[in-house]
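Step one of this worksheet: look at the structure below.
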Amino acid sequence: MDSTAASARISRSHVTTCSCFVLSCLLAITLQIVIFSPISPDILELPPATSASLVPTNSRLQRVIKLGEGLVETPEDVWVDKNGILYTATRDGWIKRLHRNGSWEDWRKFDSNSMFGITITKSGSIIVCDCEKGLLKVDDDGVTVLTSHVKGTKIRLADDVIEASDGSLYFSDGSTKFGFHNWHLDLLEAKPNGQLLKYDPSSNDTSVVIDGLYFPNGVALSTDQDYLVVCETWKMIDKTMEMALPSIIAVRYRCLKYWLSGEDKGKTQIFVDNLPGAPDNINLAPDGSYWIALLQLISSRFEFVHTSKAFKHLLATFPGLFELVKGVDKKAMVVNVAADGKIIRSFDDPTGEVISFVTSALEFDDHLYLGSLTSNFIGKLPLNAA
Ligand SMILES: *[C@@H]1O[C@H](CO)[C@@H](O)[C@H](O)[C@H]1NC(C)=O
Ligand SMILES: *[C@@H]1O[C@H](CO)[C@@H](O)[C@H](O)[C@H]1NC(C)=O
């Protein structure tokens, strides 16, 4: 063997050792990320742009009147009682109310920064979803926790609630795996970790109505209470077979109909599919249609993140990175959907200039009252002029 060949072989084996070393390092880092990543993600294919383009954008939400500006910190949901008094829960732990004469009252305080969905029962109690503590009842006696567990497991993300005429409280639990402060991990994981629950005040029992939901959010009852509607903030559909590609999941923004009576009792159907945004709270309107607040959770600049498991693990492991790419867009959008699931009209603030990240819309007395997780006021929009 001549010396040139020998030195070539040595340098080749040197290169091989080097690349082996680099490869093992990469492998170790990857393993580290995958093992310590808190999620086991599915890949997400984003919806066709057509669903958004079907609903032309406008700026009608920019005409909102701001109620209680500076007094109400990120009021996620609002409710108005039969006397026209408006209630909302704010991030500083207050349940505040707005009297008809325009004055705000700090009404009841609870040690919480995660009170979301709110409703009022026939008997006049205020029911609030506290993401972390469960379902709360608020009245003249103060605040009581009605339920915090289901089947022995803690409720992690109570989100929105509605009372049926038999007194049952139906409420959503967005994720059984991640709490409110980690909701983005549930989005990255893209798995059906949520459930719809029912609290029966006569027996003090909490039961699961539907499980395996994709981040269930708003809950509403139909006019006749023969079905309820529950919105899945993001619904992943497995298109692996259809597209003959590994693990391709398409996102659909949709709400489901769950029959409470009649021949379809206990069945779940699609109420509205392909919404032009991720549905948050939903409320029945006086005419039998529904108001749904839609969020823009995935910004177009960072769509790619949702198409790679590696990116997802990386983002889930390093929260700082997620902050950089989290696509929470400022755009606000509210749609009015008929009882047959057709979109009748929509109101937007396309730039979020006046009101952004609207999470709920409640109709009362020809006005829409809007909650938001980025505003410090309740939006009030006259419907006749809008
Ligand atoms: C507004 O009404 C509430 C409730 O009736 C009352 O407590 C409050 O003093 C009133 N405020 C003003 C400024 O009239
Ligand atoms: C209801 O059940 C919970 C346990 O799930 C219990 O802590 C609470 O005291 C009960 N309330 C009533 C009124 O029985």
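The values are calculated or read from the model by the stated rules, or taken from the named source; none is laboratory data. Quantities reported herein were computed from a predicted structural model and do not represent experimental measurements. Cβ placement follows ideal geometry from the backbone for every residue including glycine, while neighbour counts extend to all protein chains displayed.
Every residue in region 184-225 that is basic (K, R) and at pLDDT 95 or above, please.
Of everything in region 184-225, just one residue is basic (K, R) and at pLDDT 95 or above, namely K198.
Against the condition touching a residue at least 12 places away in the same chain (Cβ under 8 Å), buried (at least 19 other Cβ atoms within 10 Å of the Cβ) and not hydrophobic (A, V, I, L, M, F, W, C), how does P286 come out, does it pass?
no
Select from region 141-161 the residues that are assigned to a strand (DSSP E or B) and either among the hydrophobic types (A, V, I, L, M, F, W, C) or within 16 Å of ligand 1 (Cβ to nearest atom) (or both) and list them in ascending order.
Of everything in region 141-161, those that are assigned to a strand (DSSP E or B) and either among the hydrophobic types (A, V, I, L, M, F, W, C) or within 16 Å of ligand 1 (Cβ to nearest atom) (or both) turn out to be V143, V145, L146, V150, A158, V161.
Counting only residues that are buried (at least 21 other Cβ atoms within 10 Å of the Cβ), assigned to a strand (DSSP E or B) and in contact with a Phe, Trp or Tyr (Cβ under 7 Å, 6 or more places away or on another chain), how many does region 210-221 have? First the steps, then the outcome.
Quick first cut of region 210-221, residues buried (at least 21 other Cβ atoms within 10 Å of the Cβ) only: 213-220.
Next cut, assigned to a strand (DSSP E or B) only: 213, 216-220.
Among the residues that remain, those that are also in contact with a Phe, Trp or Tyr (Cβ under 7 Å, 6 or more places away or on another chain) are: 219-220.
The total comes to 2.
Restricting to region 61-92, what's the tally of residues that are in a loop (DSSP other than H, G, I, E, B), free of Cβ contacts under 8 Å to residues at least 60 places away in the same chain and of a type in the set (A, V, I, L, M)? Give the derivation first.
First pass over region 61-92, keeping only residues in a loop (DSSP other than H, G, I, E, B): 64, 68-77, 81-85, 90-92.
When the remaining residues are screened for being free of Cβ contacts under 8 Å to residues at least 60 places away in the same chain, the result is 81-83, 85, 90-92.
Subset that is of a type in the set (A, V, I, L, M): 85.
Of the residues in region 61-92, 1 are in a loop (DSSP other than H, G, I, E, B), free of Cβ contacts under 8 Å to residues at least 60 places away in the same chain and of a type in the set (A, V, I, L, M).
Select from region 93-138 the residues that are among the hydrophobic types (A, V, I, L, M, F, W, C), part of a loop (DSSP other than H, G, I, E, B) and either within 16 Å of ligand 1 (Cβ to nearest atom) or in contact with a helix residue (DSSP H, G or I) (Cβ under 6 Å, 6 or more places away or on another chain) (or both) and list them in ascending order. Outline the logic, then answer.
First, pick out the residues of region 93-138 that are among the hydrophobic types (A, V, I, L, M, F, W, C): 94-95, 98, 104, 107, 110, 115-116, 118, 120, 126-129, 131, 135-136, 138.
Imposing the further condition that a residue be part of a loop (DSSP other than H, G, I, E, B) reduces the set to 110, 131.
C131, the sole residue that qualifies.
Can you pull out the residues in region 153-167 that are in contact with a Pro (Cβ under 8 Å, 6 or more places away or on another chain) and surrounded by 24 or more Cβ atoms within 10 Å (Cβ to Cβ)?
D159 - this is the single residue of region 153-167 that is in contact with a Pro (Cβ under 8 Å, 6 or more places away or on another chain) and surrounded by 24 or more Cβ atoms within 10 Å (Cβ to Cβ).
Please name all residue pairs, on different chains or six or more residues apart, with Cβ atoms under 9 Å, provided the first residue is in region 150-169 and is over 22 Å from W183 (Cα atoms) and the second residue is of a type in the set (K, R) and not in a strand (DSSP E or B).
E163/K122; S165/K122; G167/K122
Which one of S168, S172, S103 is within 16 Å of ligand 2 (Cβ to nearest atom), modelled with pLDDT of 95 or more and either in the same structural domain as I378 (by TED's automatic domain parsing) or in contact with a Gly (Cβ under 9 Å, 6 or more places away or on another chain) (or both)?
S168
Starting from region 249-273, keep only residues that are at positive phi and assigned by TED's automatic domain parsing to the domain that holds G174, then list their pairs with residues that are surrounded by fewer than 16 Cβ atoms within 10 Å (Cβ to Cβ) and assigned to a loop (DSSP other than H, G, I, E, B) whose Cβ atoms are within a distance under 7 Å, requiring at least 6 positions of separation or different chains.
Once the first residue is at positive phi and assigned by TED's automatic domain parsing to the domain that holds G174 and sits in region 249-273, its partners that are surrounded by fewer than 16 Cβ atoms within 10 Å (Cβ to Cβ) and assigned to a loop (DSSP other than H, G, I, E, B) give G262/D226.
Taking L185, is it over 25 Å from A361 (Cα atoms) and under 21 Å from the mean Cα position of the chain (by Cα)?
Criteria met by L185.
What are the pairs, 6+ residues apart or on separate chains, where a residue within region 191-215 that is assigned by TED's automatic domain parsing to the domain that holds H149 and among the hydrophobic types (A, V, I, L, M, F, W, C) has its Cβ under 6 Å from a residue that is in a loop (DSSP other than H, G, I, E, B) and away from ligand 2 (no atom under 14 Å from the Cβ)?
Listed by first residue and then by second, the contacts come to L213/P192; F215/G174.
Checking T176 against (1) in a strand (DSSP E or B); (2) crowded, with 16+ Cβ neighbours inside 10 Å; (3) over 13 Å from the mean Cα position of the chain (by Cα), which test does it fail?
The failed condition is (1).
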